[in-house]
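These notes concern the structure reproduced below.
The values are calculated or read from the model by the stated rules, or taken from the named source; none is laboratory data. None of the values given here were measured: they were computed from a predicted structure. Cβ coordinates were reconstructed from backbone atoms using ideal geometry, including for glycine residues, and neighbour counts include every protein chain displayed. Accessible surface areas use protein heavy atoms only, side chains included; no ligands, DNA or RNA. Shrake-Rupley method; radii C 1.70, N 1.55, O 1.52, S 1.80 Å.
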Amino acid sequence: MDDLNYNVAVNLKRIRREKGMSLEGMAEQTGVSKSMLAQIEKGIANPSLGVIGKIIGGLHIEFQELIEDVSPGSRLVHIKEMEPTKEVRGEYKIWNCFPYENNCVAKIYRIDMEPGAEYTGSSQGKKTRAYISVLEGEVKIRCGEEAYLVGKEDVFCLEMDRQHSYRNDTAKRISLICFFPDCR
């Protein structure tokens, strides 16, 4: 979820609660479906300007109130409630758990890979690295001509200035956490 969607999600839920409204009541007042409003509040929908216009008109609020910066503080991410950022059915799913934000200089992704699946990434340029921690199983990471087997108790630093890949050669699904600091 990017900064703007996160701000809209948090602010819309806050505004609805401050007004003592249910999702159903807000849907009636704004003309936006209950399911769309629920998706916006969860941060899984990217509302059009028309939908945003209906929301601010129906709730009698200013546009700025809906998009104002929200200091995230502590947050819990439930992977089961998120839509994958990238997915190849039957092979892998990637979730951007914490994207770059106004006050953060890192991204955190979770990757689940099915047996035999491989994800290939392109060069991200100099001074770009990822730190990979395996939650379940083991992953083969290839960077250029080098290959590494990273297991459950390992943490790997990947210099991403070359093409790289992650491969699950095991018989079970594996899960990884990838931490990308902004090293500029």
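Among the numbered conditions (1) at positive phi; (2) at pLDDT 90 or above; (3) not hydrophobic (A, V, I, L, M, F, W, C), the only one that G125 does not meet is (2).
Yes or no, residue by residue, for (1) assigned to a loop (DSSP other than H, G, I, E, B); (2) closer than 13 Å to P181 by Cα; (3) in contact with a Lys or Arg (Cβ under 8 Å, 6 or more places away or on another chain):
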{"residue": "T120", "(1), (2), (3)": "no, no, no"}
{"residue": "S123", "(1), (2), (3)": "yes, no, yes"}
{"residue": "A130", "(1), (2), (3)": "no, yes, no"}
{"residue": "V134", "(1), (2), (3)": "no, no, yes"}
{"residue": "K140", "(1), (2), (3)": "no, no, yes"}
{"residue": "A147", "(1), (2), (3)": "no, no, yes"}
{"residue": "K152", "(1), (2), (3)": "yes, no, no"}
{"residue": "F156", "(1), (2), (3)": "no, no, no"}
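Residue pairs whose Cβ atoms lie under 7 Å apart, separated by 6 or more positions or on different chains, with the first residue in region 35-50 and over 10 Å from Y6 (Cα atoms) and the second assigned to a loop (DSSP other than H, G, I, E, B) and open to solvent by less than 50 Å² (accessible area, probe 1.4 Å), are M36/A45; Q39/A45. With the condition kept exactly as written, say whether any residue in region 31-40 is modelled with pLDDT of 80 or more, under 30 Å from A130 (Cβ atoms) and not basic (K, R). Yes: one or more hits.
Scanning region 22-50 for residues that are of a type in the set (A, V, I, L, M, F, W, C), open to solvent by 30 Å² or more (accessible area, probe 1.4 Å) and more than 25 Å from V77 (Cα to Cα) gives a single hit, L49. Considering region 158-172, and only residues there that are open to solvent by 30 Å² or more (accessible area, probe 1.4 Å) and at pLDDT 90 or above, the residue that is farthest from Y109 (Cα to Cα) turns out to be A171. Listed by first and then second residue, the pairs linking a residue in region 54-78 that is assigned to a loop (DSSP other than H, G, I, E, B) and surrounded by 13 or more Cβ atoms within 10 Å (Cβ to Cβ) to a residue that is at pLDDT below 85 and of a type in the set (S, T, Y), with Cβ atoms under 8 Å apart and 6 or more places separating them unless they lie on different chains, are V70/Y6; P72/Y6.
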